[in-house]
Amino acid sequence: MPPIIDVENLTKRYGDRAAVDSISFSIEPGSIFGFIGPNGAGKTTTIRILTTLLRPTSGWATVDGHSITDEPYAIRRIVGYMPDFFGVYTDMTVWEYLDFFSACYNIPASQRPGLVKDLLALVDLSHRRNDFVDALSRGMKQRLCLARALVHDPKVLVLDEPASGLDPRARVEFRALLAELGNMGKTIFLSSHILADVAEICTEIGIIENGHIVTHGNIEAIKRHLQEEHHLCIRVLGDSVEQAKSILATIQGVQQMETKATGDGDWNILVQFSGDKAAISHLLKQLVLADVPVLAFAEESASLEDVFMKLTEGIVS
């Protein structure tokens, strides 16, 4: 199956400065793609090009097979765009707001009441349908803006910093809503600098820094590729911690150990280990054969924050 978004050597220059510099990546249908990077990295410029609001200086991109430069109106029919600011239609009620944008997409008047009702139910704003937009909280405005992006039932959602400025509860609710849309088959292109949100819901990521794509692909695959050592957490009964440490110290590949009390009398031994999967299995076997009471044994994967810091290390802003 061809990618639903395909970008090749895309560049946008403003004079001598390249806001986006020859970037290439692709997104598979049904993916939730997190596009991450610091402020000023080129995220919004890329999004505006993909949504046909800016023309690239060079390079090309397609959305569902349509060229961003040659077929902008076709792309606008299949893309729902949520910008990083809400808009100026604050003197409308919530239902009027959605009805207005439904009309902009030429949805027949007879179908609009049912559509508005369904969208408000989806984003949990049915109880605020008669309130003025300006009276909504930031989180509610973000949900309404998402509903606006869905009025024409797009295949692709492009969201620019949708969680920016939201309180923790609103962020959790918004993540759940995006996950639900992903389960409905929507492809979601999500720009963010909030790494926790991306790690929670995205299946793929692209990291952009200073207008360049640093990496892109499956999150877990990128983590595994970058994780040179394994980080093991071994929990043992309190009176066996020294025995476990002495055994671990004799095993090849154990580079570093740290012990932490669990608070209930037991201990976690954090081990930095350079062996492969078979060696990890052998390490556990050695502890079991020595009758060390192992309560838990797990490998801790790198966080998305670790990945981001490692990949952007040494890149000058």
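List of remarks:
- Subset of the stretch 1-44 (residues that are under 22 Å from the mean Cα position of the chain (by Cα), farther than 16 Å from Ile207 by Cβ and either modelled with pLDDT under 90 or of a type in the set (Phe, Trp, Tyr) (or both)): Pro2
Condition check ((1) at pLDDT below 90; (2) in contact with a Gly (Cβ under 8 Å, 6 or more places away or on another chain); (3) surrounded by 15 or more Cβ atoms within 10 Å (Cβ to Cβ); (4) of a type in the set (Ser, Thr, Tyr)) across all residues:
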site	(1), (2), (3), (4)
Met257	no, no, yes, no
Asn268	no, no, yes, no
Asp276	yes, no, no, no
Ile280	no, no, yes, no
Ala290	no, no, no, no
Leu295	no, no, no, no
Glu305	yes, no, no, no
Gly314	yes, no, no, no
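- A single entry from Tyr97, Tyr89, Tyr73 fulfils the requirement of being free of Cβ contacts under 8 Å to residues at least 60 places away in the same chain, more than 29 Å from Ile4 (Cβ to Cβ) and hydroxyl-bearing (Ser, Thr, Tyr): Tyr89.
- Evaluation of Asn218 against (1) surrounded by 17 or more Cβ atoms within 10 Å (Cβ to Cβ); (2) polar (S, T, N, Q); (3) within 13 Å of the chain's Cα centre (by Cα) (one fails), failing number: (1)
- Residue within the stretch 49-57 that is in contact with a Leu (Cβ under 9 Å, 6 or more places away or on another chain), at pLDDT below 95, assigned by TED's automatic domain parsing to the domain that holds Ala199 and crowded, with 17+ Cβ neighbours inside 10 Å present: no
- Of the residues making up the stretch 1-39, those that are assigned to a loop (DSSP other than H, G, I, E, B) and without any contact (Cβ under 8 Å) to a residue 12 or more places away in the chain are Gly15, Asp16.
- Tabulated pairs, the stretch 40-62, first in a helix (DSSP H, G or I), second hydroxyl-bearing (Ser, Thr, Tyr), C-beta under 6 angstrom, 6+ apart or interchain: Lys43/Ser191; Ile47/Ser191
- Taking (1) at pLDDT 90 or above; (2) hydroxyl-bearing (Ser, Thr, Tyr); (3) over 11 Å from Arg148 (Cβ atoms) in turn, Thr90 satisfies each apart from (1).
- Qualifying position, being hydroxyl-bearing (Ser, Thr, Tyr) and surrounded by fewer than 13 Cβ atoms within 10 Å (Cβ to Cβ), among Ser110, Ser164, Ser102, Ser126: Ser110
- Selection status of Ala170, among the small types (Gly, Ala, Ser), in contact with a helix residue (DSSP H, G or I) (Cβ under 6 Å, 6 or more places away or on another chain), in a helix (DSSP H, G or I) and in contact (Cβ under 8 Å) with a residue 24 or more places away in the chain: yes
- For the stretch 89-131, a tally of residues being in contact with a Leu (Cβ under 9 Å, 6 or more places away or on another chain) and part of a helix (DSSP H, G or I) returns 15.
- Subset of the stretch 141-160 [closer than 27 Å to Glu209 by Cα and either surrounded by fewer than 20 Cβ atoms within 10 Å (Cβ to Cβ) or of a type in the set (Phe, Trp, Tyr) (or both)]: none
- Gly185 fulfils the conditions (1) among the small types (Gly, Ala, Ser); (2) modelled with pLDDT under 90; (3) in a loop (DSSP other than H, G, I, E, B) except for a single criterion, (2).
The values are calculated or read from the model by the stated rules, or taken from the named source; none is laboratory data. Keep in mind the model is a prediction, meaning the values are calculated, not measured. So basically every Cβ, Gly included, is an ideal-geometry build from the backbone, and we count neighbours across all protein chains shown.
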